[in-house]
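Readers should treat all values here as calculations from the given coordinates under stated rules, not as data from a laboratory. Everything numeric in this text was worked out from a predicted model, so none of it was measured. Methodologically, a virtual Cβ is constructed for each residue, glycine included, from the backbone with ideal geometry; neighbour enumeration extends over all protein chains shown.
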Amino acid sequence: MKNKEVIKHIVNWLSSYSAQSHTNGFVIGISGGIDSALTSTLCALTQKPVIVLNMPIRQHKAEFDRGAEHIEWLKKNYTNVTSDTVNLTHIFEKVENDFPSSIQDFLTMANTRARLRMLTLYAFAGHHKMLVAGTGNKIEDFGVGFYTKYGDGGVDISPIADLLKSQVYALAKELNVVESILQAKPTDGLFHDGRSDEDQMGATYDELEWAMLALENQVDEQKFSEREKQVMQIYQNRNRANKHKMEAIPVCKIPKELF
């Protein structure tokens, strides 16, 4: 991949989209992970105003600290970047207390966190007439559907959704993203114990990337190792289960003769 050319292409795309939509810039949520770090840096390179938000909800300290470190690095290097920290813990706890205990499982409440953050991003974006920039990569958005519907999936534009995770790392290194983020295990920041994406999915991004490409290239399954068979099963199971996120919302079409 031609890193510098890809970076230039994405930055030009962001600038053009913002101009065509008559918006002032971009709002991005910072998680302390590689995807939001790259997305926010690419947005900063447009020289348009960028607001980055750290939105802790009972956040694992290491995740919050990495996010804060990246925000300070951005503001030091790009004068068009401003930031806010919006602690959503008390709002989340109010929702949690009002929900019946019967629906307060781990996954439900993790998705609730993501949706509270989406609400916050759009409050800032609407007030400042900006676009919410998504941080999903190709594996998450079009492979395994590893995001929250109407949470981190609720965005205006997706600058890095055509990049595999390995390509996200390559561009982040090219742009000198802080080392703590480059070295950290990927995490969605939705669990207070700091569990990684790999812990949740049972496979690494490199493995899932292999599965996506193997399917695209129609690799003969007989050539798979036992681990590759396991990974392929994980990939296909998640892809099937999360199709509802990745496809357009079904619309019930009414026959003309019924009107």
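Stretched out straight at 0.36 nm per residue, the stretch from residue 200 to residue 8 would grow longer than its current Cα-Cα span by 65.7 nm.
Net charge dipole, the chain: roughly 680 debye, given to the nearest 20, about the Cα centre with Cβ charges of +1 for Lys and Arg and -1 for Asp and Glu.
Taking label points 7 Å from Cα along the Cα-to-Cβ direction, residue 108 and residue 127 give a separation of 3.1 nm. Ordering 140-148, 249-257 by mean Cβ neighbour count within 10 Å, with the highest value first, yields 140-148, 249-257.
Extents of the range 112-159, largest first, come to 33, 24, 10 Å (Cα atoms, principal axes, whole angstrom). Among 112, 41, 79, the largest mean-square fluctuation in a Gaussian network model of the chain (Cα springs under 10 Å) belongs to 79. For the residue pairs 75/149; 94/243; 2/173, alpha carbon separations beyond 21 Å are given by 75/149; 94/243.
Would you kindly state how much longer the chain becomes between residue 84 and residue 220 on full extension, computed as 0.36 nm times their sequence separation minus their alpha carbon distance, in nm to one decimal?
Values: separation 136, 0.36 × 136 = 48.96 nm, distance 5.01 nm.
Taking 0.36 nm per residue and subtracting the Cα distance, the gain is 44.0 nm.
Computed from the C-beta positions of residue 68 and residue 15 and an R0 of 35 Å, the FRET efficiency is 0.80 to the nearest 0.05.
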